[in-house]
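The values are calculated or read from the model by the stated rules, or taken from the named source; none is laboratory data. Note that the structure is predicted; figures quoted are calculated from it, not measured. Cβ placement follows ideal geometry from the backbone for every residue including glycine, while neighbour counts extend to all protein chains displayed. To get the accessible areas, we keep the full protein, side chains included, count just its heavy atoms, and leave off ligands, DNA and RNA. Shrake-Rupley method; radii C 1.70, N 1.55, O 1.52, S 1.80 Å.
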Amino acid sequence: MTSSELHEKWYCVSIISSGSMIKTKTVEVTVKGWSATVNDLQATVDSELWHICRSNNNSDGDAALAAIALKNKMAIMKTMRLLQSLILLIVLANLATCVVWPMPQMMSTTSNVLSINSKKFSFQSSSKSDILHQAFKRYMNLTFIPLGKEIDPRLSESFNVTTTNGDLTSLTVMIHNSKEELNLDSIENYTLTITGNAATLEADEVWGALRGLETFSQLVEPTESGMFQINETKIIDFPRFKHRGMLVDTARHYIDMEVLYQHIDTMAYNKYNVFHWHIVDDESFPYDSKVLPEVTAKGAYNLKTHVYTAEDISNVIKYCRYRGLRVIPEFDTPGHTRCWGRSKPNLLTKCYTGFLPNGKTGPINPIFPENYEFMKTLLSEVRKRFTDKYIHLGGDEVLLNCWKSNPDIRNWMVEQGLGNNISLLETYYESRLLGIASNLGYDYIVWQSVVDNNVKVMPSTVVNVYKGGFPAELNRVTKRNFTTILSSCWYLDIYAYGPDWKRYYSCEPFSFNGTQRQYDLIIGGESCIWTEYVDDTNFLNRVWPRASGTAERLWSAKSVNSIALATPRIHDFRCKILIRRGIRAEPVTGPGFCEYELGM
């Protein structure tokens, strides 16, 4: 960014701690570019603590706000890269009308407002990408949602047309790389520039363009006249973590396809990029298998209404891809397979009490070769239906005592030289299963129980941390050099009265004293919605906007962590984006009112 691209005055209140006293002072600083921001502010303002700054050449009223962390006079900022990640520029341009969630890495806005006539506006690009042009169609609808019903006169001020400084008639999108492979290393960075002369969105890959279009759509505001408006804005943005996922359990309760589509849309609004599909479990097997039809027939709640066909799966994958989301299936074994055994008598282990079977079954029986053929048959079909390179193979909560209780298993272990070490039996099963997956071309993710039980896995294994006390768990797993995903603190099924989104928002993956190498091994995290008490009737409002807290933690800079600043923003995001787009997201900030309810 050159100095000509940003030239405005910032009014800064320096908050200075002096013993038990808090003092403030106000200074006026002329900012001449991103790098000049640091130099000018540290030269003018005591920069030991935080500063609240107002821009837009206006020290009063609804000017833009920015909280800028300028610690140690920014001496540690030796490169622009560090500047981007360590300066916290939270710019809430005109708090009454503008919200962007998750918070961009860098954002500058002015008081100049541009008018938009949706009937004359267009997205433009020389790219031939169908993904991009389909997004143009979606975002014409998402961006320009009229107010709907007549506005109550008492609220009309919220939607008044601001005096504008020109018209915006198009957004030109430039993609520098035509590569459209969607994987862990896909590039999602973008630069969005909106001025009186032109609006441009630049991205290295189409995935960044999708993220930029979402941001643009959130910046546009409707007015009572039927027109729309947007402030002049400059945004440089990229994700903090490259794996930002959501586990959806469709086995405890079947989730209807239309609800899944709405959920996937909302994930895209929050810049998630992985749909982790926990498709089967103990309770039901809604995966419509053609190679093992009897498992589906006896495992699904209802074979006609509660299964996901091959066409359904293909449609979900395509729907996700066009929104920049990967789909990673999970087939959790050897536990969590109770309903599978209804059609395969020798698949599951018979549990014993003393010398007699007690009528219960446990994990997949690891001593029968035919059970590995069963898994090979299943995973071979899964490999053809799901296109992502990764599969989640579970491995958690294995009832090892059931294996121990079975005399046939104990005798087999002795014959195989395993003695009575049950962890060696688990290693045996997992090694054979992971070998099957590897031979099918899969990379794999496992729950942390697998490595906790000292199962020998490939060094490339991705470990999904889910247990409590996650800082210590992350420290321990990354010390073993495993690539890691965090889920522990983002279980959405753990529901508490009040604004429990704050708990998810406050979860910091780097909250342990690790090395940079350990931090680099953490590729992201996942929200999880387990559905014991969730179905179509409450799925969306149970998840959203609580999962938005996780979304911002995984996308935005580490320093974007103030609940006080996030509270009005998540309220506005829920109201102005989710409710306005038809997502019945629950209120999370207490009593209040969403003006967009009038249009629903």
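Take segment 550-571 and flag every residue that is farther than 23 Å from Tyr190 by Cβ and among the β-branched types (Val, Ile, Thr).
The answer is Ile563, Thr567.
Please count how many residues of segment 527-572 are of a type in the set (S, T, N, Q), surrounded by fewer than 21 Cβ atoms within 10 Å (Cβ to Cβ) and over 17 Å from the mean Cα position of the chain (by Cα).
Going through segment 527-572 one residue at a time, the tally reaches 5.
Tally up the residues in segment 259-311 that are of a type in the set (Gly, Ala, Ser) and in a helix (DSSP H, G or I), please.
Summing the residues that are of a type in the set (Gly, Ala, Ser) and in a helix (DSSP H, G or I) in segment 259-311 gives 4.
Quick check, is Thr387 part of a loop (DSSP other than H, G, I, E, B), of a type in the set (S, T, N, Q) and either under 31 Å from the mean Cα position of the chain (by Cα) or surrounded by fewer than 16 Cβ atoms within 10 Å (Cβ to Cβ) (or both)?
Values: part of a loop (DSSP other than H, G, I, E, B): yes; of a type in the set (S, T, N, Q): yes; either under 31 Å from the mean Cα position of the chain (by Cα) or surrounded by fewer than 16 Cβ atoms within 10 Å (Cβ to Cβ) (or both): yes.
Yes; evaluated as a whole, the condition is true for this residue.
Give me a count of the residues in segment 112-135 that are surrounded by fewer than 16 Cβ atoms within 10 Å (Cβ to Cβ) and either closer than 28 Å to Lys179 by Cα or without any contact (Cβ under 8 Å) to a residue 40 or more places away in the chain (or both).
Matching residues across segment 112-135 total 8.
Do we have any residue at all in segment 508-518 that's in a loop (DSSP other than H, G, I, E, B), open to solvent by 10 Å² or more (accessible area, probe 1.4 Å), among the hydroxyl-bearing types (Ser, Thr, Tyr) and in contact with an Asp or Glu (Cβ under 8 Å, 6 or more places away or on another chain)?
No - not one qualifying residue is present in segment 508-518.
Of all residues in segment 435-454, count the ones that are touching a Ser or Thr at 6+ places or on another chain (Cβ under 7 Å) and either without any contact (Cβ under 8 Å) to a residue 60 or more places away in the chain or buried (at least 22 other Cβ atoms within 10 Å of the Cβ) (or both). Give the derivation first.
Filtering segment 435-454 down to residues touching a Ser or Thr at 6+ places or on another chain (Cβ under 7 Å) leaves 440, 443-444, 446, 453-454.
Then drop every residue that is not either without any contact (Cβ under 8 Å) to a residue 60 or more places away in the chain or buried (at least 22 other Cβ atoms within 10 Å of the Cβ) (or both), which leaves 443-444, 446, 453-454.
Matching residues across segment 435-454 total 5.
For Asp396, work out the one condition from (1) modelled with pLDDT under 95; (2) buried (at least 20 other Cβ atoms within 10 Å of the Cβ); (3) within 22 Å of Val274 (Cβ to Cβ); (4) not polar (S, T, N, Q) it doesn't fulfil.
(2)
Which ones in segment 184-230 are in a loop (DSSP other than H, G, I, E, B), surrounded by 20 or more Cβ atoms within 10 Å (Cβ to Cβ) and touching a His at 6+ places or on another chain (Cβ under 9 Å)?
Glu205
Scan segment 484-503 and report the pairs whose first residue is farther than 30 Å from Leu184 by Cβ and open to solvent by less than 30 Å² (accessible area, probe 1.4 Å) and whose second residue is among the polar types (S, T, N, Q) and assigned to a loop (DSSP other than H, G, I, E, B), with Cβ atoms within less than 6 Å and a gap of 6+ or a chain change.
Pairs found: none.
So, in segment 542-559, how many residues would count as being under 17 Å from Asp572 (Cα atoms) and either part of a loop (DSSP other than H, G, I, E, B) or acidic (Asp, Glu) (or both)?
So the answer is 3.
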